[in-house]
Amino acid sequence: MNQGKIVEFIEKGKIISGFCIDQKDNRLRVLTSQGREMVLSANRILSYSEKRHIPIPSREEIFRRLNEREKLKEELKERVNVEELWELVRDDIEEYDNRYLAELVFGPSFKDEHVSALIVALFEERLHFKLKDGRFIPNTPEQIEKLREQRLKEKKRQEILEEGAIWLKGILSGEAVERDIRYREEIIRILQDVALFGENSKEIKTAKELLQRAGMADIRKVKDLLIKMGIWDEDENVELLRFEISRGFSEKVINEVSEFIKKVPIRDKRRDLTDLHVFTIDGVYTKDFDDALSLECMDGNYRLGIHIADVASVVRRGTETDNTAMRRGATLYLPRGAITMLPPELSEEALSLKRGRLRNALTLWVMIDGNGEILSYEFFPSLINIREQLIYEKVDESLIKQEPYGRLYKLCLKLREKREKKGGINLSVPELSIVVNEGGRIEISLIDQNTPSRMMVAECMILYNYLFAKMMWQNSIPTLYRTQESPQEDIQIDPQNPIYSLFKARRRLNPLFINTEPGPHWALGLELYVNASSPLRRYMDLVIQRQMLSYLLDGKIIYNREELEDIRMNLGTVLKDLQMIKQRRLRYWLLKYLKQNMEGSYNAILLDEMKGKFRIILTDFMVTADMKRPIGVKLREGDKIIVEIEKVDPWNDILLFRFKDYSETFA
C-alpha cells in the first residue's frame with residue numbers, strides 16, 4: 001500500500017513530486033505541490049519514498065512538506081555528477097535500481113530526498129542515461145556522441161530561428177536586406193528548399209516556424225520573399241535548382257579541356273577529305289555544329305557523305321569531363337540559353353564543325369543510285385574542312401534550286417519514301433520555339449519540321465543512325481539501340497483535320513526505349529536504330545561513337561554489354577528529367593507571354609471532352625490547355641474554335657481559357 005508516500009512521476013516532460021493521499025487497486029490519488037489533485041496509474045510512478053506519512057497530514061501540511069522537499073531536492077541535485085556516475089557503471093549494460101544509483105552518488109546514508117534528486121538530475125541531463133520502465137540505463141559512448149550532435153544541431157536551429165525571424169521581419173517591413181547575419185546562408189537555404197518543394201521540403205518544420213515568427217504564415221509566398229531579397233530573379237529557373245543542375249563546369253574540367261584543345265585536330269589514321277565540299281545546315285541560333293554533309297556525282301550514282309564531329313577521340317572515357325557529361329546526359333536547350341553537356345570551349349569551338357576549320361569527324365560514305373537504293377556504305381575516321389555554314393531558311397529560299405542541294409533533296413525524298421513503304425510514318429507537328437533575348441523580350445515562333453532543308457538533314461541523320469546500328473549489329477559490337485514497338489491501334493491522319501488527328505495519334509504511340517538488345521523503331525520504319533549523330537549534345541551518341549571508333553582503329557571495343565546496361569539505366573532517368581525540365585520551362589515562358597497578351601484571341605481545336613471542362617490544342621503554339629465548359633454551347637471533339645484567356649499564372653502553372661466563338665478560318 002502506497003498511501004502516505006511521496007512519489008515521483010513525469011508530467012509534460014518534467015519530474016513532478018506528489019503525495020499519495022489514497023490508492024485503489026492500481027490507481028493512485030496524488031496531490032502535487034501546486035495544489036493539483038490527480039489520479040495516476042501505478043505504471044506512471046518512477047519512485048516511491050520509503051517513508052510513509054501516516055496518519056495523512058492536512059493539505060496545508062502536505063504542501064509545506066512537498067515544497068521543503070523540492071528545495072532540498074534542488075540543492076542535492078547540484079551534487080550529482082552524472083558523467084562520473086556513468087563512468088562507474090558504463091561497462092555494465094543493465095537497468096539499475098534508482099536507490100542503488102543514489103547510494104553510489106551519496107553514500108550508504110542516503111534518504112528519499114537523495115533518490116528524488118538523483119532521478120531529476122539524470123532525467124534532466126538526458127545524455128549519459130536513458131529512462132526505461134522507471135529505471136535508468138547507461139548509454140554507450142556512440143549514443144552519447146550522437147546525442148551531443150543532435151543537441152548542437154537543435155541549439156543551432158533555435159539560433160537560426162531567433163536570428164532569422166528578426167531579419168525576415170525587418171525585410172517584410174521594408175528594411176535593408178543586406179545585414180550582418182551570422183546564419184545568412186542557412187536561412188536562405190531553408191527558404192529556397194521550402195519554395196522549391198513546398199510541404200515535401202525536408203526543412204518544412206523549421207521553415208514554418210521561422211516564417212510564423214517573422215509574421216508570414218503562407219509558405220507559397222516564400223518565392224516572393226526570395227525575389228525581394230535578391231536571391232532569385234523574377235523568372236528564376238526553379239527546375240534547375242530542384243534537380244541541382246549547374247550551368248558551369250568545375251575547375252578540374254576546365255583544366256582538362258585546356259589540355260584537350262592542344263591535341264585538336266588529330267591526324268593519325270584518318271582519311272583526308274579536306275578537298276571535299278562539306279557544308280552544314282542548322283538553325284540561326286546554333287553554336288554546336290556536330291553534323292555536316294557532302295554529295296558527289298559518280299558514274300551516274302551518288303556518294304553521300306555524312307560527317308559527324310569526332311568527340312570520342314578527344315573526350316576520353318573516365319576523365320572528369322566525361323564523367324560530367326555522363327551526369328548531364330545531354331545539352332539542355334532552354335529559352336534563356338543552353339546548358340551544355342560539354343564545356344563550350346569544346347562543344348562550340350574546338351570540336352564544333354565551324355567554317356574554315358580543320359576538324360576530325362567520323363564519316364559515313366553511302367553510295368546511292370538515283371532511286372535512293374543503297375549500293376554500299378563505309379564508316380571511317382576523317383579530317384574535313386567545312387566550306388559553307390548554311391541556315392535552314394537560306395537553303396529553303398534559294399539554294400534548294402542549286403546543286404548539290406537540289407539533288408540531295410530529291411535523294412532524301414526517295415529515302416523517306418522507302419521508309420514509309422516499310423511502315424514509317426511522319427507524325428511531326430510544328431515545333432514551338434521560345435527565345436528570351438537579353439532585354440527580356442519573349443520571341444515565339446513555330447518551326448515547320450517538314451521544310452525541304454529540315455527534311456533533308458533529318459533524313460541524312462536517320463540514314464547515318466540506321467547504318468551505324470546495322471554495322472554494329474552485323475559485327476556483334478555491343479551498343480545502345482533506340483527501339484519502339486508498334487502501337488496496338490492503327491494510326492490514320494485525317495487530311496481534313498490534320499492537327500487534331502496528329503495530336504490524337506501521337507498519344508497512341510509506344511514510348512521510345514534505350515536497349516542493349518536490337519529491336520525495330522516503329523515510327524521510322526526501320527528494323528534497327530541508334531542515336532549516333534549528335535556526340536556534342538548527347539552522351540549516348542558519344543558512348544557509341546567511342547565504341548565504333550575503337551573498333552575501326554584497333555579492332556577492339558571499349559564497353560561490354562554489362563557496362564552499357566549500367567549506362568542505359570542511368571541515362572534513361574536523366575533524359576526523362578531533362579525532357580520534363582525543358583517542357584516546364586517552355587510552358588513557363590509561354591504562360592508569361594500569354595499573361596502579357598491577356599486581351600488577345602487565340603485559335604484552338606477541341607481535343608478532349610472532360611468533366612466540367614475541355615482540353616484544347618492552341619494551334620498558334622501547338623500546346624494543349626484547359627477551357628471552361630461554356631453554358632448553352634454545343635461542342636464536339638475536333639471543332640475549331642476561338643478562345644480567350646480566363647486565367648494565367650506562370651509561377652503556379654495555371655492556364656485556363658474560355659470559349660469565344662466558332663471558327664473555320666484556320667487549318
- Does a label point 7 Å from the Cα of ASP233, set along Cα-to-beta-carbon, have any residues of region 314-358 with amide nitrogen under 19 Å, and which are they? 332-340
- Sites GLU185 and GLN389 - FRET efficiency at Förster radius 41 Å, r taken between beta-carbons, to 0.05: 0.35
- Message: Nearest 5 percent is fine: what portion of the DSSP beta bridges confined to the chain is antiparallel?
- Response: 90
- Message: How high is the relative contact order of the chain? Use alpha-carbon pairs under 8 Å, at least six apart in sequence, and give a whole percent.
- Response: 8
- Task: Would you calculate a helix-derived [θ] at 222 nm for the chain, using -39,500 (n - 2.57) for each DSSP H run of n ≥ 4 and dividing by the full residue count, to the nearest 500?
- Result: -12000 deg cm²/dmol
- Query: Which trypsin sites (Lys or Arg not before Pro) in region 1-46 pass both tests, a DSSP loop state and at most 15 other beta-carbon atoms within 10 Å?
  - Reply: LYS12, ARG36
- Note on the structure: Projected area averaged over all directions for the convex hull of the alpha carbon atoms of region 45-191, nm², comes out at 14.1
- Message: If a paramagnetic tag sat 7 Å from the Cα of ASN255 along the Cα-Cβ line, which residues of region 304-332 would have the backbone N under 19 Å from that point?
- Response: 315-325
- Carbon and sulfur: what percent of the chain's accessible surface (1.4 Å probe)? 47
- Message: In whole Hz and in residue order, list the ³J(HN,Hα) couplings for region 26-34 that follow from phi through the Karplus curve 6.51 cos²θ - 1.76 cosθ + 1.60, θ = phi - 60°; x for Gly and Pro.
- Response: 9, 10, 10, 9, 10, 10, 8, 5, 7
- Sites GLU68 and ARG44 - FRET efficiency at Förster radius 25 Å, r taken between beta-carbons, to 0.05: 0.55
- For region 358-419 and region 1-54, distance of Cα centres in Å: 95
- Task: Take the alpha-carbon positions of region 512-667, form their convex hull, and give its projected area averaged over all directions (one quarter of the hull surface) in nm².
- Result: 13.3
- Hey, what does the equivalent ellipsoid look like for the chain, semi-axes from the Cα gyration tensor as sqrt of 5 times each eigenvalue, largest first, whole Å? 73, 33, 24
- With every protein chain kept in place and a 1.4 Å probe, the residues TYR481, TYR285 fall, from largest accessible area down, as TYR285, TYR481
- Name the helices (complete DSSP H segments) of the chain with a Cα length along the long axis of 18 Å or more and a Kyte-Doolittle mean of at least -0.5, or state none. 112-125, 184-197, 452-474, 539-554
- Item | Computed E for ASP566/ASP653 - FRET, C-beta separation, R0 41 angstrom, nearest 0.05 | 0.75
- Message: Run the simple label-point estimate for PHE243 and GLN150 please: 7 Å along Cα→C-beta, distance reported in nm.
- Response: 3.7
- Item | Largest-first ordering by accessible area, 1.4 Å probe, given options SER116, SER398, SER433 | SER398, SER433, SER116
- Item | Note, ³J(HN,Hα) from phi for region 275-285, Karplus 6.51, -1.76, 1.60, rounded to Hz, x at Gly and Pro | 7, 7, 7, 10, 9, 10, 10, 8, x, 5, 9
- Message: Keeping all protein chains in place and using 1.4 angstrom, which order do ARG90, ARG270 fall into by accessible surface area, from largest down?
- Response: ARG90, ARG270
- Query: Can you give the accessible area of ILE245, probe radius 1.4 Å, in Å² rounded to 10?
  - Reply: 50
- Would you kindly find the accessible area of GLU149, with a 1.4 Å probe and non-protein molecules such as ligands, DNA and RNA excluded, rounding to the nearest 10 Å²? 90
- Query: Of GLN545, GLY35, LEU390, which is farthest on the positive side of the dipole of the chain, counting Cα position, with +1 on Lys and Arg Cβ, -1 on Asp and Glu Cβ, and the Cα centre as origin?
  - Reply: GLY35
- Query: Once the piece of chain linking LYS51 and MET610 is laid out straight, how much longer is it, given 0.36 nm per residue of separation minus the C-alpha distance between them?
  - Reply: 193.4 nm
- Task: Within region 573-667, report the trypsin sites (Lys or Arg not before Pro) that DSSP leaves as loop and that have at most 16 other Cβ atoms within 10 Å.
- Result: LYS611, LYS634, ARG636
- Message: Can you give me the C-alpha center-to-center distance between region 133-152 and region 491-569, rounded to a whole angstrom?
- Response: 56
- Query: How big is the accessible area of PHE659 in square angstrom, nearest 10, if you roll a 1.4 angstrom probe over the protein chains?
  - Reply: 40
- Where the only charges are on Cβ atoms (+1 Lys, Arg; -1 Asp, Glu), what is the dipole of the chain about its Cα centre, to the nearest 20 debye? 980
- In a Debye calculation with equal point scatterers on the alpha-carbon sites of region 298-386 and no solvent, what is log10 I(q)/I(0) at q = 0.10, 0.11, 0.13, 0.15 Å⁻¹? -0.38, -0.45, -0.59, -0.73
- Item | Length added when fully stretched, GLN583-GLU95, from 0.36 nm per residue minus Cα-Cα | 169.6 nm
- When the chain is fully extended, how far beyond the present Cα-Cα distance does VAL284 get from LYS660, taking 0.36 nm per residue of separation? 131.7 nm
- Item | 15 Å Cα-Cα reach of LYS269 towards aspartates and glutamates, excluding residues that sit fewer than 8 places from it in its own chain | ASP310, ASP554
- Task: Can you pull the one-decimal nm distance between simple spin-label points at THR274 and ILE493, each 7 Å off the Cα toward Cβ?
- Result: 4.4
- Inter-label distance for GLN474 and LYS418, nm, one decimal - labels placed 7 Å from Cα along Cα-to-Cβ: 1.3
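The values are calculated or read from the model by the stated rules, or taken from the named source; none is laboratory data. The structure presented is a predicted model; accordingly, all values stated were derived computationally and were not measured. Using ideal geometry, Cβ is built from the backbone for each residue, glycine included, and neighbour counts are taken over all protein chains shown. Please note that ligands, DNA and RNA were not included when accessible areas were found on the heavy atoms of the full protein model with its side chains. Shrake-Rupley method; radii C 1.70, N 1.55, O 1.52, S 1.80 Å.
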